[in-house]
Amino acid sequence: MFYGAVVWDPWLIVAQIVCLQCLYYITLGLFFTILVGTRVSRMSLVYFFDFATLTTSTITGWCVIASFLLTSIAGSVYMLYFIERAKKCLDFSATLYTIHLFICIVYGGWPSSIAWWAVNVAGFAVMALLGEYLCIRRELREIPITRFRSIV
């Protein structure tokens, strides 16, 4: 199917958003388990949604920051496989981080930490730009045309 012939499908868009959001949090949990879980006695949702855990003053805070940034790189790879279009990467990245902001506001209040904003803006930029780059590379690949000769 040609890209221009795609019909607007809101259910597909919602499914892509839900899938991307779930994969984002699953990957974030995996990185938290690897990087933060070895440093703390008990993991909780605080590391996901509370802005106070994103701090540059402790080693654990730097592990949380690294987890968020590594998850944004993984999110760009997810967009390569689930979104597939470079021009949609910015929209889906913005949607993901907007939903994350709303969940953080509900969980712990308005994020007042400069580090939280810096990490999330950097994560958004990495996810959007790397996702677009990967999708553009896929879109610009040569289409192999094989010719079969009939042996007469």
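Read the figures in this text as sums done on the coordinates, not as results from a lab. Predicted, not measured: the structure shown is a model, and the values here were computed from it. Using ideal geometry, Cβ is built from the backbone for each residue, glycine included, and neighbour counts are taken over all protein chains shown.
Here is how the numbers come out for the structure above:
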{"quantity": "Full-extension gain in nm, Val14 to Ser112, via 0.36 nm per residue minus C-alpha separation", "calculated": "32.3 nm"}
{"quantity": "Residues in segment 90-122 that a label on Ile136 would reach, taking backbone N under 17 Å of a point 7 Å out along Cα→Cβ", "calculated": "90-93"}
{"quantity": "Proxy reagent accessibility, fewest Cβ within 10 Å first, across Trp8, Trp116", "calculated": "Trp8, Trp116"}
{"quantity": "Helical mean residue ellipticity (222 nm; -39500 (n - 2.57) per DSSP H run of 4+; nearest 500) of the chain", "calculated": "-22500 deg cm²/dmol"}
{"quantity": "Peptide ranges 138-145, 73-80, 94-101, 34-41 listed from the most packed, as the mean C-beta count within 10 angstrom indicates", "calculated": "73-80, 94-101, 34-41, 138-145"}
{"quantity": "Tail fraction, Cα-Cα pairs, the chain, threshold 18 Å, whole percent", "calculated": "62"}
{"quantity": "Extension reserve of the Ile143-Val7 stretch, reckoned as 0.36 nm per residue once the Cα distance is removed", "calculated": "46.6 nm"}
{"quantity": "Length added when fully stretched, Ser57-Phe102, from 0.36 nm per residue minus Cα-Cα", "calculated": "13.6 nm"}
